[in-house]
Amino acid sequence: MKHFGPVIRKRQFEPLRPVLKSWFCVLEDYIDRVPGDLPFWYRERPQVGFFAEAAWRAGWAALEEWGMEKGSQLKPSRGRNDLWIGRGKHEWFIEAKHAWCDIQKCKENSLETRLREALDAARKSAEHLTCKSSQKVAAAFVSPIWKPENAKVKFGNARQAWIEACDGAQADVVASFISAERDERQVGKNGERFIGSVLLLVSAK
């Protein structure tokens, strides 16, 4: 496996660096311990669980799917927060989304658009939290997939385009977990390739 990052572009997220590195280790451990399965086959809830485990391993505390107020001050309502993590004076309330991205469709800006759409969806959810703005975080877990049928772009080229799209993603934090190009563990029954996962984080208002 290869790790690209974590790239932290906003200083307030620097305390999260150990958690992000721990997240890489959690995904690697899952692959090693569960033969024939991959952590990035799963959608939002398992992805949040992997990140919560990473927080605990890094010495943080975490709460998943816990009840809290959402909405505006004028119209509050009860809801659930996907994930809270904290340690000492640092704490974040995270709303997460998961998205698939078919990387063989490498039209200009299509990969960047998909990443932005996933992050925007998470941001909208995070904005409904009633905590301080500095504590609201939108998280997008995006899983790239390449399918051989009718592929117009070779796997290696599509994979490289995906890595470049992640590098240019408009996010405060970018953490990419990418498999080696010829890693046979990532090949599905129909020849599709699941090459990893990228986690994007951004502050929400």
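The values are calculated or read from the model by the stated rules, or taken from the named source; none is laboratory data. What you see is a predicted model, and the numbers here were worked out from it, not measured in a lab. So basically every Cβ, Gly included, is an ideal-geometry build from the backbone, and we count neighbours across all protein chains shown.
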Qualifying residues in region 32-64 (those that are part of a strand (DSSP E or B) and under 17 Å from the mean Cα position of the chain (by Cα)) - the one farthest from ALA140 (Cα to Cα): ALA62
Test result for LEU115, buried (at least 20 other Cβ atoms within 10 Å of the Cβ), in contact with a Cys (Cβ under 9 Å, 6 or more places away or on another chain) and of a type in the set (A, V, I, L, M, F, W, C): yes
Region 126-185, residues that are within 22 Å of GLY49 (Cβ to Cβ), outside any strand (DSSP E or B) and of a type in the set (Ser, Thr, Tyr): SER179
Residue count, region 155-186 (criterion: surrounded by 16 or more Cβ atoms within 10 Å (Cβ to Cβ) and either at positive phi or of a type in the set (A, V, I, L, M, F, W, C) (or both)): 14
Some residue of region 106-116 being in contact (Cβ under 8 Å) with a residue 24 or more places away in the chain, assigned to a loop (DSSP other than H, G, I, E, B) and of a type in the set (D, E, K, R): no
Criterion: in contact with a helix residue (DSSP H, G or I) (Cβ under 9 Å, 6 or more places away or on another chain), surrounded by 13 or more Cβ atoms within 10 Å (Cβ to Cβ) and hydroxyl-bearing (Ser, Thr, Tyr) - qualifying residue of SER143, SER134: SER143
Contacts under 7 angstrom Cβ, first residue in region 5-21 being at pLDDT 95 or above, partner assigned to a helix (DSSP H, G or I), 6 or more apart: ILE8/GLU14; ILE8/ARG17; VAL19/ALA54; VAL19/ALA55
